[in-house]
Amino acid sequence: MTYKSTAIINKEGKWFVARSAELGVVSQGRTVEEARKNLEEAVGLYLENTPQNKKILSKIPPIFALIEVNA
């Protein structure tokens, strides 16, 4: 079965850090694409070791919205 997760990718120094919004699994890479691919692998391994968390990804994914704050 195929599962979907929302990836949040930020640049931190020279690396791109990718995080699964639903599971909290984190990986990194030198490029956005590398970080995304590494996260896919990390999430796959995570679900292999904790299959009960597959239920989390079976639900509707969260909605993300960009907000602006004037401070």
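The values are calculated or read from the model by the stated rules, or taken from the named source; none is laboratory data. For clarity, every value in this text was computed on a predicted model and none was experimentally measured. Glycine also receives a Cβ, built like all others from the backbone with ideal geometry; neighbour counts cover every protein chain displayed. Side chains included, ligands, DNA and RNA excluded: accessible areas come from the protein's heavy atoms. Shrake-Rupley method; radii C 1.70, N 1.55, O 1.52, S 1.80 Å.
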Measuring from its Cα centre, the chain shows a charge dipole (+1 at each Lys and Arg Cβ, -1 at each Asp and Glu Cβ) which, in debye to the nearest 20, is 80
Non-local residues with an amide H under 5 Å from the amide H of Thr6, with H modelled 1.01 Å from N and Pro and chain starts lacking one, are Ala21, Glu22
Sequence order, the stretch 19-31: Karplus ³J(HN,Hα) from phi using 6.51 cos²θ - 1.76 cosθ + 1.60, θ = phi - 60°, Hz rounded, Gly and Pro as x, gives 10, 7, 4, 7, 9, x, 6, 10, 8, 8, x, 6, 10
Per DSSP, the loop-located chymotrypsin sites (Phe, Trp or Tyr not before Pro) within the stretch 1-69 having at most 15 other beta carbons within 10 Å are Tyr3, Phe64
Computed over the chain: longest principal axis from alpha-carbon atoms vs helix 32-49 long axis, angle to nearest 10 degrees, is 30
Rounded to a whole %, the carbon-and-sulfur portion of the accessible area of the chain at a 1.4 Å probe is 54
Inverse of <1/r> over all distinct C-alpha pairs of the chain, i.e. the Kirkwood Rh in Å, gives 13.1
Residue-ordered couplings for the stretch 5-15, obtained by feeding phi - 60° into the Karplus form 6.51 cos²θ - 1.76 cosθ + 1.60 and rounding to whole Hz (Gly and Pro as x), are 9, 8, 9, 10, 10, 10, 8, 10, x, 8, 10
Relative contact order of the chain (C-alpha contacts under 8 Å, at least 6 apart) in percent is 26
Probe 1.4 Å, heavy atoms of protein chains only: per residue, the accessible area of the chain in Å² is 80
